[in-house]
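Colleague: Starting off with a structure, shown below.
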Amino acid sequence: MGSIAEPWGISESENANYGTPKGLSRELRHGKTAHNMSSSSLRKKSDLRLIQKVPCKSLQNVLSNLQEVILGTKLAVLFLAIPLAVIADYYHYGRPLIFGLSLTGLTPLAERVSFLTEQLAFYTGPTVGGLLNATCGNATELIIAILALANNKVAVVKYSLLGSILSNLLLVLGSSLFCGGIANIRREQRFDRKQADVNFFLLLMGLLCHLLPLLLKYAATGEASASLINKMSLSLSRTSSIVMLIAYIAYLIFQLWTHRQLFEAQEDDEDNAYNDEVTVEETPVIGFWSGFAWLAGMTLVIALLSEYVVATIEDISLGVALGSATQISLFVVPLSVIVAWTMGIKMDLNFNILETSCLALGIIITAFTLQDGTSHYMKGLVLMLCYVIIAACFFVDQIPQPKGTGLGMQPKNSVGGGFVSA
């Protein structure tokens with residue numbers, strides 16, 4: 001096979017002749033995760049007319065890449081927080097400032113990673129593209145979890161992942177339903193229940209894996225020592241994590257291969273309705289190798305900022321609302337347990353009674369909200385209010401966590417009832 005030189009960037013006018021199969025974009029959309037679909041609303045159309053007037057082709061490609069990757073998001077202004085975070089760390093400014101700047105810089109990076117994986121999917125095909133979106137979509141949580149575990153901050157990992165799941169179930173979904181209901185105030189919106197059912201089955205399985213280690217503690221008799229209970233909980237958590245990862249792999253096979261039609265049906269209807277008004281063929285806006293280079297570079301920057309976050313999080317409870325709840329519950333959480341295991345760190349799936357109860361109620365409330373396949377603004381409002389109630393619960397919580405739970409937390413009266421590592 002002859003090799004084709006890959007330019008650093010390609011302009012929109014070149015896309016049609018760049019070897020992208022016709023209709024591939026519609027297939028690629030079937031492999032998108034919930035995070036990819038929601039983050040697409042943050043993107044904006046790039047105007048490359050001025051760049052195309054640059055006489056040097058190489059410079060034109062570089063400027064085109066910068067325009068598409070850096071300025072192609074409504075969050076572009078937040079990129080300024082990245083150098084400010086580096087400067088703040090270099091001059092040893094206050095930890096809250098470094099923490100805030102790092103989290104601000106992570107926000108556009110996470111959205112751009114989603115964009116870049118979709119661009120690569122144009123060249124790799126829908127199957128590999130779906131796998132890229134499924135794994136890279138949660139890169140921020142994974143990196144923060146691994147760095148936190150390397151610093152033996154198990155509590156940071158648990159609370160950040162719990163916060164991600166709850167925020168996706170209640171805040172992100174609630175906001176989407178509320179805004180969609182307001183925009184369609186006079187009619188009821190409908191969606192395919194089959195997709196939601198699959199996700200809730202998996203979330204309930206994940207909830208079972210969280211409940212059993214917690215129940216072991218309450219089922220143990222007085223003869224069982226605390227160390228024995230913790231050992232049983234840890235062994236069960238590690239076994240459950242392996243099972244959860246197997247379930248996640250099966251979920252990807254189910255979604256991308258064997259039952260793709262379940263995830264295509266609703267989108268086909270939306271495509272038909274949209275094509276009645278205008279026909280648009282999605283094409284890549286950057287080349288494969290340039291996209292790969294940008295993805296690798298942004299992953300390194302995410303790792304740097306995540307290190308700042310982990311190093312400065314002393315009395316701040318972290319909850320990064322990125323990625324879908326199912327992926328975090330069945331992929332990031334069990335993978336964190338396995339990674340901790342390889343590091344010799346004892347991290348289990350026991351999130352304690354309050355945290356596990358909030359997770360259970362969040363899943364149940366969301367399931368009942370979506371059970372009839374319809375949505376309106378009232379459903380979204382209720383989900384958001386439930387999130388506020390749960391947030392208020394943790395805000396006022398002053399109960400010391402018992403020893404041996406893996407959370408290692410003690411109450412602190414500063415920062416509105418935050419927690420510090422023991």
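Colleague: Being hydrophobic (A, V, I, L, M, F, W, C) and part of a loop (DSSP other than H, G, I, E, B) is the filter; apply it to the range 65-100 and report the residue that is farthest from Tyr308 (Cα to Cα). Break it down into steps so the answer makes sense when it comes.
Modeller: Of the residues in the range 65-100, the ones hydrophobic (A, V, I, L, M, F, W, C) are 66, 69-71, 75-82, 84-88, 97-99.
Now drop any that are not part of a loop (DSSP other than H, G, I, E, B), which leaves 70-71, 75.
Numbers: Ile70: 22, Leu71: 25, Leu75: 21 Å.
Step by step, filter the range 65-100, then rank; the result is Leu71.
Colleague: Something else about it: Can you say whether Ile165 is of a type in the set (A, V, I, L, M, F, W, C), part of a helix (DSSP H, G or I), modelled with pLDDT under 85 and surrounded by 23 or more Cβ atoms within 10 Å (Cβ to Cβ), as far as the supplied structure shows? Steps first, answer last, please.
Modeller: Working: of a type in the set (A, V, I, L, M, F, W, C): yes; part of a helix (DSSP H, G or I): yes; modelled with pLDDT under 85: no; surrounded by 23 or more Cβ atoms within 10 Å (Cβ to Cβ): yes.
Judged against the criteria, Ile165 is not a match.
Colleague: Collect the residues in the range 239-260 that are assigned to a helix (DSSP H, G or I) and open to solvent by 40 Å² or more (accessible area, probe 1.4 Å), keeping them in residue-number order.
Modeller: Selection gives Thr239, Ile242, Val243, Ile246, Ile249, Ala250, Ile253, Phe254, Trp257, Thr258, Arg260.
Colleague: Only residues in the range 119-145 that are under 23 Å from Gly105 (Cβ atoms) count as the first member; pair them with residues that are of a type in the set (D, E, K, R) and at pLDDT below 70, Cβ under 6 angstrom, at least 6 apart or cross-chain, and list the lot.
Modeller: Listed by first residue and then by second, the contacts come to Asn133/Lys32.
Colleague: Related question: So, Ala121, is that one buried (at least 21 other Cβ atoms within 10 Å of the Cβ), modelled with pLDDT under 80, among the aliphatic types (A, V, I, L, M) and over 20 Å from Ser306 (Cα atoms) or not?
Modeller: Numbers: buried (at least 21 other Cβ atoms within 10 Å of the Cβ): yes; modelled with pLDDT under 80: yes; among the aliphatic types (A, V, I, L, M): yes; over 20 Å from Ser306 (Cα atoms): yes.
Criteria met by Ala121.
Colleague: Pick from the range 90-115 the residues that are more than 19 Å from Ile143 (Cα to Cα) and touching a residue at least 12 places away in the same chain (Cβ under 8 Å): which of them is most open to solvent (accessible area, probe 1.4 Å)? So that I can check it myself, show each step before the final result.
Modeller: Step one: of the range 90-115, the residues more than 19 Å from Ile143 (Cα to Cα) are 90-97.
Within this subset, residues satisfying the condition of being touching a residue at least 12 places away in the same chain (Cβ under 8 Å) are 95-96.
Working: Arg95: 124, Pro96: 99 Å².
Per the stated criteria, the residue is Arg95.
Colleague: Given the criteria farther than 30 Å from Gly373 by Cα and either assigned to a helix (DSSP H, G or I) or modelled with pLDDT under 85 (or both), does Gly206 qualify? Break it down stepwise before answering.
Modeller: Working: farther than 30 Å from Gly373 by Cα: no; either assigned to a helix (DSSP H, G or I) or modelled with pLDDT under 85 (or both): yes.
Spelling it out, it is not the case that Gly206 is farther than 30 Å from Gly373 by Cα and either assigned to a helix (DSSP H, G or I) or modelled with pLDDT under 85 (or both).
Colleague: Another question, if that's okay. Can you find a residue in the range 224-231 that is touching a residue at least 40 places away in the same chain (Cβ under 8 Å), within 18 Å of Pro334 (Cβ to Cβ) and assigned to a helix (DSSP H, G or I)? Show your work before the answer.
Modeller: From the range 224-231, those touching a residue at least 40 places away in the same chain (Cβ under 8 Å) are 226-227, 229-230; that's our starting set.
From what is left, the residues that are within 18 Å of Pro334 (Cβ to Cβ) are none.
No: zero hits.
Colleague: Return the residues of the range 297-325 that are in a helix (DSSP H, G or I), at pLDDT 70 or above and open to solvent by less than 50 Å² (accessible area, probe 1.4 Å); say none if nothing qualifies. Spell out how you get there, then give the answer.
Modeller: Start the filter on the range 297-325 by keeping residues that are in a helix (DSSP H, G or I), which leaves 297-312, 325.
Checking the rest, the ones that are also at pLDDT 70 or above come to 297-311, 325.
Gly297, Met298, Val301, Ile302, Ala303, Leu305, Ser306, Tyr308, Val309, Val310, Ala325, listed by residue number.
Yes or no, residue by residue, for (1) buried (at least 17 other Cβ atoms within 10 Å of the Cβ); (2) more than 24 Å from Leu252 (Cβ to Cβ):
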| residue | (1), (2) |
| --- | --- |
| Pro334 | yes, no |
| Val339 | yes, no |
| Thr342 | no, no |
| Ile345 | yes, yes |
| Asn350 | yes, yes |
| Glu355 | yes, yes |
| Gly362 | yes, no |
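Colleague: Right, here's the next one. In the range 45-64, what residues are in a helix (DSSP H, G or I) and polar (S, T, N, Q)? Give the steps one after another, and end with the answer.
Modeller: Of all residues in the range 45-64, those in a helix (DSSP H, G or I) come to 51-53, 57-64.
Correct list: Gln52, Ser58, Gln60, Asn61, Ser64.
Colleague: Under the condition of being part of a helix (DSSP H, G or I) and under 20 Å from Phe201 (Cβ atoms), which residue from the range 365-399 is most open to solvent (accessible area, probe 1.4 Å)?
Modeller: If we filter the range 365-399 for residues that are part of a helix (DSSP H, G or I), which is where we start, we get 365-369, 377-396.
Right, trim to under 20 Å from Phe201 (Cβ atoms) and you get 365-369, 383.
Numbers: Ile365: 57, Thr366: 1, Ala367: 34, Phe368: 133, Thr369: 17, Leu383: 0 Å².
Out of the qualifying residues, it is Phe368.
The values are calculated or read from the model by the stated rules, or taken from the named source; none is laboratory data. Source: prediction; values computed, not measured. Every residue, glycine as well, gets a Cβ built from its backbone with ideal geometry; the counts of neighbours run over all protein chains shown. For the accessible areas, the whole protein counts, side chains as well, though only heavy atoms, and no ligand, DNA or RNA atoms are used. Shrake-Rupley method; radii C 1.70, N 1.55, O 1.52, S 1.80 Å.
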